[in-house]
Amino acid sequence: SQTIHQWPATLVQPVGSPLSLECTVEGTSNPNLYWYRQAAGRGLQLLFYSVGIGQISSEVPQNLSASRPQDRQFILSSKKLLLSDSGFYLCAWSAVRTSGIGRQFFGPGTRLTVL
Amino acid sequence: GENVEQHPSTLSVQEGDSAVIKCTYSDSASNYFPWYKQELGKGPQLIIDIRSNVGEKKDQRIAVTLNKTAKHFSLHITETQPEDSAVYFCAGYNTNAGKSTFGDGTTLTVKP
């Protein structure tokens, strides 16, 4: 069966510090991968998605970036965090060539607080 | 791009009653419509989904209906229980674009 991992679970960082959040998927190959951000009490904002290694699409211009160095690894980064980067970051994957296409499965999330 | 609107934003029902959440979408190319349940501090979990070639799907107390002509779909929960309390999100997925657009969520409270 497939599982998705995110770490760390919680993170408190000062303004201006760098960020690296990691997401890995097990039990599937060549998934689509997604990074979302959720502000407190709000909906899901798509930040980045990837259809393959090295292929990243950015949805919202900001000081965040994403990379996919391996098939099942997705990394969210920032060189300098802003207060507005605080939120709940969710990674998700979906199958590409099966009957489950479009069906997204989310990780447990990372709670980021920027002070 | 796709725009998904979800109503109501909050819904409170008595245990045992039914709950209905409605979503509308704008992009006729969207062909897959999932519903997610998110409990506090956790990632959303897929609870039911429907594809554009189907009008209705049921799974125990949960059902989803889709009206392609009107571009709206709904989640129906019958015999609600306190553990159904959570935030529910609808989404529209476009296979060509490879991504989903989510509604803003509905906070459902089931009172014992």
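Note on B:ASP27: accessible area approximately 50 square angstrom, rounded to 10, probe 1.4 Å, nucleic acids and ligands left out. Since only B:CYS23, A:LEU76, B:GLN38 are under comparison, the one whose Cα sits farthest along the positive direction of the charge dipole of the protein assembly as shown, derived from C-beta charges on Lys, Arg, Asp and Glu, is A:LEU76.
So if I place +1 on the C-beta of Lys and Arg and -1 on the C-beta of Asp and Glu, and nothing else carries charge, what would the dipole magnitude of chain B be about its Cα centre? I want it in debye, nearest 20. Mind showing how you got there, number by number?
Working: 11 positive and 13 negative charges, 57 e Å.
Its charge dipole is roughly 280 debye.
The mean sequence distance of close C-alpha pairs (under 8 Å, at least 6 residues apart), as a share of the length of the range A:4-47, puts its relative contact order at 31 percent. Summing both sides, the accessible surface hidden between A and B at a 1.4 Å probe radius is close to 1600 Å².
Here's the picture: charge each Lys and Arg Cβ at +1 and each Asp and Glu Cβ at -1 in chain A, and of A:GLY107, A:TYR36, A:SER17 the one pushed furthest to the positive end of that dipole is A:TYR36.
Remark: the protein assembly as shown carries a charge dipole of roughly 400 debye about the Cα centre, counting +1 on each Lys and Arg Cβ and -1 on each Asp and Glu Cβ. Summary value for chain A: 35 percent relative contact order, contacts being C-alpha pairs under 8 angstrom separated by 6+ residues. What is the log10 of I(q)/I(0) for chain A, computed with the Debye formula using one identical point scatterer on each Cα and no solvent, at q = 0.21 Å⁻¹? Debye intensities relative to I(0), on a log10 scale: -1.15.
Only Lys, Arg, Asp and Glu count, each charged at its Cβ (+1, +1, -1, -1), so figure out the dipole size of chain A about its Cα centre, rounded to 20 debye. Mind dumping the intermediate values first?
Working: 9 positive and 5 negative charges, 24 e Å.
Dipole about the Cα centre, nearest 20: 120 debye.
For the range A:74-115, a drop of 40 Å² or more in accessible area on going from the chain alone to the assembled protein chains (1.4 Å probe) is found at A:ILE101, A:GLY102, A:ARG103, A:GLN104, A:PHE106. Label sites at A:GLN62 and B:LYS111, each approximated as a point 7 angstrom past Cα along Cα to Cβ, lie 3.7 nm apart.
Give me the 1.4 Å probe accessible area per residue for the range A:40-107, excluding ligands and nucleic acids, in Å². Each step should come with its number before you reach the end.
Details: 3280 Å² over 68 residues.
Averaged over the residues of the range A:40-107, the accessible area is 48 Å².
Going down the list A:LYS80/B:LYS42; B:LYS68/B:LYS99; B:LYS68/B:LYS111, which pairs span over 24 Å between their C-alpha atoms? Those over the limit are A:LYS80/B:LYS42; B:LYS68/B:LYS111.
The values are calculated or read from the model by the stated rules, or taken from the named source; none is laboratory data. Here the structure is a predicted model, which means the values were calculated and not measured. Neighbour counts run over all protein chains shown; Cβ positions are idealised from the backbone, glycine included. When the accessible area is computed, the model is the full protein with side chains, heavy atoms only, and any ligands, DNA or RNA have been set aside. Shrake-Rupley method; radii C 1.70, N 1.55, O 1.52, S 1.80 Å.
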